[in-house]
1. Say the dipole of the chain comes from +1 at the beta carbon of Lys and Arg and -1 at that of Asp and Glu; which of 93, 40, 284 then lies farthest toward its positive end?
2. Based only on the alpha carbon positions, what is the Kirkwood hydrodynamic radius of the chain, in angstrom?
3. Suppose every K and R has +1 on its Cβ and every D and E has -1 on its Cβ; what is the size of the dipole of the range 218-296 about the Cα centre, in Debye to the nearest 20?
4. Enumerate the amide H contacts of residue 212 below 5 Å, restricted to partners 5 or more residues apart or on another chain; note that Pro and chain-start residues carry no placed amide H.
5. What angle, in degrees between 0 and 90 and rounded to the nearest 10, separates the Cα long axis of helix 293-304 from the longest principal axis of the Cα atoms of the chain?
6. Roughly how many nanometres apart are two label points built 7 Å out from the Cα toward the Cβ at residue 2 and residue 241?
7. At 1.4 Å probe radius, can you tell me the per residue accessible area of the range 9-126 in Å²?
8. Compute the Rg to Rh ratio over the range 95-198 from the alpha carbon atoms, using the Kirkwood formula for Rh, and round to two decimal places.
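The values are calculated or read from the model by the stated rules, or taken from the named source; none is laboratory data. Everything quoted here is computed from the prediction, not taken from an experiment. Neighbour counts are summed over all protein chains in view; Cβ atoms, including those assigned to glycine, are modelled from backbone coordinates with ideal geometry. Just the protein is used for accessible areas: all its heavy atoms, side chains included, with ligands, DNA and RNA removed. Shrake-Rupley method; radii C 1.70, N 1.55, O 1.52, S 1.80 Å.
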Amino acid sequence: MTMKTILLTGAAGMVGQNILEHPAINKFNVLAPARKELDLLDGDAVRLYVSERKPDIIIHAAGRVGGIQANIANPVDFLEQNVMLGRNILMAARDLGVSQFLNLASSCMYPREGETPLSEETVLTGELEPTNEGYGLAKIFAMRLGQYINREEKAARFKTLIPCNLYGRHDTFATNTSHLIPAIIAKMHTAKQENQKTVEVWGDGKARREFMYAGDAADGIMRAVVEFETLPEIMNLGLGFDHSVNDYYQTAADILGWEGEFSHDLSKPAGMKQKLVSIERQTAWGWKAKTSLEDGIRHTHAFYSEGFAL
Ligand SMILES: NC(=O)c1ccc[n+]([C@@H]2O[C@H](COP(=O)([O-])OP(=O)(O)OC[C@H]3O[C@@H](n4cnc5c(N)ncnc54)[C@H](OP(=O)(O)O)[C@@H]3O)[C@@H](O)[C@H]2O)c1
């Protein structure tokens, strides 16, 4: 039997790298162009690439991604670039007959006041969180475009996974651009090395967040590729439980062996109070994440120590 070909966008990113490290990827031919080989903002180049390479499957894991500070500072880029990336790759896939398209969205597309746990049908039922509204809007755009294509074609080639927050190997650890857990790991690593007595937490630390280990997300994504027929058109990829920001700091402190005190800067934005996705569809589909928070932080810190801090 001939191997199917997957085009993985965003292969150099955290999700992309974790997909490439997943054992199931070896059952496919993989096209994993870096940005310099295929700039997804260039619609003509995307169309040419897809028409020449003829992938059977596309996993769209490219995006302009960042934490609160980057989103607040660059709302134009987060909206415009993510819309363009989604538009270019989705329309090329539609026009050139790609048979499976797996789009990665984000829980930032849920209403800020949405009822917890956030279920898939509540997208577009309320205002988004303003700190990452542009990013959320772009994610809604790509998801809806895929649904509209399915509707016009009376087929279901375009499906969207909505992962909760992710962290793990290949994360970005620079504190001004990173997400919560890698930022915590980098801060705690420095605090331990420099024997700092206090570490500052943004806000009161009581906001609750759901973070999945990226290796688990890659496992869910590869199952979605293999079991595409049974995958719902839109499905959250989540844990079904969350922790407070303070819990994440404390767990990282325990694992890294740092024994100082936390201070809270209440003037800094803390984002939504809680963001927990519903795993009802995912559970019915028969998948769940396996890595504990402790193991995830341990593996992620090991990656950070080896790759960046030594
Ligand atoms: N990380 C999370 O917590 C999380 C949670 C939910 C959903 N997601 C979604 O998962 C996907 C991947 O996220 P990630 O965390 O892996 O992000 P990431 O580490 O920032 O990776 C994004 C990748 O997209 C590539 N990219 C951006 N613009 C491009 C362009 N114009 N042409 C070609 N490639 C381009 C980047 O290339 P360069 O390396 O050249 O910059 C990078 O490799 C995104 O759709 C994101 O919304 C992520």
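1. Farthest towards the positive end: 93.
2. 19.9 Å
3. 300 debye
4. The answer is 165, 166, 167.
5. 90 degrees
6. If labels sit at residue 2 and residue 241, their model points lie 4.7 nm apart.
7. Result: 46 Å² per residue.
8. So for the range 95-198, dividing Rg by the Kirkwood Rh gives 1.12.
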